[in-house]
Amino acid sequence: MDRKAFLKYAALGTAGASLPLTARSENRSLIPVPDNTADIKITDVKGYRFRKAHFVKIETDAGISGWGESDGANKLYANDYLKKGLKKYIVGKNPFDSEGIWHECYLKGLEAGIGGIHPGTLSGVDSALWDLKGKILKMPVHKLLGGNGLEKIQVYGSYGRFQGDRYQTPLEMAKIAADFVGQGYKAVKARMQIRQENVNPYPDDIFECVKEIRSAIGDNIKLFVDFNNGYTPAQAVIMGKKLHEKLGIDALEEPVFQQDYTGLRQVVDALDIPVMAGEHEYNKWMMKDLITVANVDVINADVIKCGGITDCRKTASMAHAFGKQIMVHNAKPTLATGASLQLLASIPNGARFQEYAGKRLHQGYGSLYELFENYFEFEDGFLKVPETPGLGLIVNEKAMEKNGDQ
């Protein structure tokens with residue numbers, strides 16, 4: 001292994017290696033499977049739109065429902081697409097035929113686009129199917145998938161710079177990072193949110209911003225930086241090297257335009273730290289090119305964008321074969337977090353730290369917690385993998401019906 005490969009591997013490690021043996025669960029006796037699972041049929045598929053989320057409900061003739069979260073970026077149109085575009089391929093099917101349902105929905109809806117509303121809505125359907133299967137069998141989804149034994153997942157505090165109509169100052173960014181550390185996080189990620197619309201910003205205060213963050217959290221906390229596609233390859237290399245050499249950042253995410261794989265490869269080859277990407281890849285075929293052309297070190301698969309648990313697991317298997325790790329992209333605190341935890345508790349190549357933005361109570365997400373009867377356990381920088389059947393959250397269906405736009 002050469003020096004560059006060693007440095008990149010050492011910077012992130014693997015989730016399995018990072019947890020003590022006490023964090024792994026013991027084998028448990030199998031839960032009896034109901035005799036009539038082959039006869040269960042899906043009777044309806046519904047969407048529920050909220051200001052900060054879109055959820056999918058799948059109902060069955062067994063009186064059991066599954067819930068998933070779809071890509072909130074398309075929530076204004078998701079209900080219509082669910083009813084008019086996907087429902088006809090789902091109703092009447094057995095939920096345990098989820099592989100066939102996924103492929104029929106994906107292929108017959110492909111003309112709606114390889115990104116955006118099609119894979120985003122399908123992601124919600126897929127996660128709802130897994131939630132449903134777990135509830136029918138009274139098992140958490142990671143056990144259905146083949147659990148890796150992890151009982152808890154180490155997470156990093158993730159937050160963005162753009163708030164309302166302005167960018168937060170370096171000191172404001174530093175304070176948020178310090179607050180995460182005060183809660184027990186051992187790593188943070190600052191999303192610079194430059195975007196292609198402002199590519200190669202001038203004047204550029206990114207270095208000053210990251211410098212304040214590093215000063216606030218100290219040298220022992222892992223620091224990841226996301227450029228959010230804000231530089232050309234040459235400028236990304238210059239800034240990436242400067243941040244690593246002078247401030248000791250541990251990884252860099254999406255340094256260049258998301259469709260510029262050759263430019264991304266330039267950055268990967270030039271830096272001695274892991275380079276990450278994947279939130280703008282919406283299926284395993286796009287992930288294949290991200291791996292083989294761009295050669296990024298870490299794959300940021302998103303379960304509400306990239307086809308749900310079904311396709312993200314295939315991405316994880318492919319990444320594993322190429323020596324790549326999965327660090328989920330996850331900015332949503334409820335069912336998307338549940339699906340992410342279940343995925344991570346079933347694959348062998350999860351990165352040491354995983355994205356979690358917290359409950360985000362002051363960013364418009366507070367009302368979402370009225371929709372659930374429980375929440376994930378967080379302690380000392382770890383989220384516990386739920387053992388509740390399905391994705392791990394118990395939905396308050398009356399609250400969903402009352403407050404969600406259908």
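Looking at (1) at positive phi; (2) assigned by TED's automatic domain parsing to the domain that holds residue 353; (3) in contact with an Asp or Glu (Cβ under 9 Å, 6 or more places away or on another chain), which one does residue 195 not meet, given that it meets all the others?
(3)
Kindly list the number of the only condition in (1) outside any helix (DSSP H, G or I); (2) in contact with a Lys or Arg (Cβ under 6 Å, 6 or more places away or on another chain) that fails for residue 311.
Among (1) outside any helix (DSSP H, G or I); (2) in contact with a Lys or Arg (Cβ under 6 Å, 6 or more places away or on another chain), residue 311 violates only (1).
Report yes if some residue within region 181-188 is hydroxyl-bearing (Ser, Thr, Tyr) and surrounded by fewer than 23 Cβ atoms within 10 Å (Cβ to Cβ); otherwise report no.
Checked against the condition, which is being hydroxyl-bearing (Ser, Thr, Tyr) and surrounded by fewer than 23 Cβ atoms within 10 Å (Cβ to Cβ), region 181-188 yields no hits at all.
Residue check, residue 21 against (1) touching a helix residue (DSSP H, G or I) at 6+ places or on another chain (Cβ under 6 Å); (2) at pLDDT below 90, all met but one. Which one?
Failed condition: (1).
Can you pull out every residue in region 46-83 that is within 18 Å of residue 308 (Cα to Cα) and among the β-branched types (Val, Ile, Thr)?
56, 58
Filter region 99-120 down to the residues that are under 16 Å from residue 72 (Cβ atoms) and either assigned to a helix (DSSP H, G or I) or touching a Ser or Thr at 6+ places or on another chain (Cβ under 9 Å) (or both) and list them by number.
117, 118, 119, 120
Among the residues in region 102-111, are any in contact (Cβ under 8 Å) with a residue 60 or more places away in the chain and over 21 Å from residue 401 (Cα atoms)?
yes
Which numbered condition trips up residue 341, out of (1) assigned to a helix (DSSP H, G or I); (2) out of contact with any Leu (no Cβ under 8 Å at 6 or more places or on another chain)?
(2) is the only condition that residue 341 fails.
Quick one: which of 377, 373, 397 is at pLDDT 95 or above, touching a strand residue (DSSP E or B) at 6+ places or on another chain (Cβ under 6 Å) and assigned by TED's automatic domain parsing to the domain that holds residue 319?
377 is the lone residue from the list that is at pLDDT 95 or above, touching a strand residue (DSSP E or B) at 6+ places or on another chain (Cβ under 6 Å) and assigned by TED's automatic domain parsing to the domain that holds residue 319.
Give region 314-330 a look and list any residue that's in a loop (DSSP other than H, G, I, E, B) and either of a type in the set (Gly, Ala, Ser) or touching a helix residue (DSSP H, G or I) at 6+ places or on another chain (Cβ under 7 Å) (or both), or say none.
322, 323, 324, 328, 330
Going through 47, 85 one at a time, which residue ends up being touching a residue at least 60 places away in the same chain (Cβ under 8 Å), farther than 13 Å from residue 136 by Cα, small (Gly, Ala, Ser) and outside the structural domain of residue 340 (by TED's automatic domain parsing)?
Exactly one of 47, 85 is touching a residue at least 60 places away in the same chain (Cβ under 8 Å), farther than 13 Å from residue 136 by Cα, small (Gly, Ala, Ser) and outside the structural domain of residue 340 (by TED's automatic domain parsing), namely 47.
Suppose we filter 158, 123, 127 for residues that are assigned to a strand (DSSP E or B) and modelled with pLDDT of 95 or more; which single one remains?
Every option except 158 fails the conditions.
For region 109-128, enumerate the residues that are charged (D, E, K, R) and more than 16 Å from residue 46 (Cα to Cα).
111
Within region 74-89, which residues are in contact with a helix residue (DSSP H, G or I) (Cβ under 7 Å, 6 or more places away or on another chain) and not aromatic (Phe, Trp, Tyr)?
Within region 74-89, 74, 78, 82, 85, 86 meet the criteria.
Which one of the conditions (1) assigned to a helix (DSSP H, G or I); (2) under 20 Å from the mean Cα position of the chain (by Cα) does residue 399 fail to meet, given that it meets all the rest?
(2)
The values are calculated or read from the model by the stated rules, or taken from the named source; none is laboratory data. Keep in mind it's a predicted model, so treat the numbers as computed, not measured. Because the Cβ atoms are built from the backbone with ideal geometry, glycine has one as well, and the counts that use them run over all protein chains shown.
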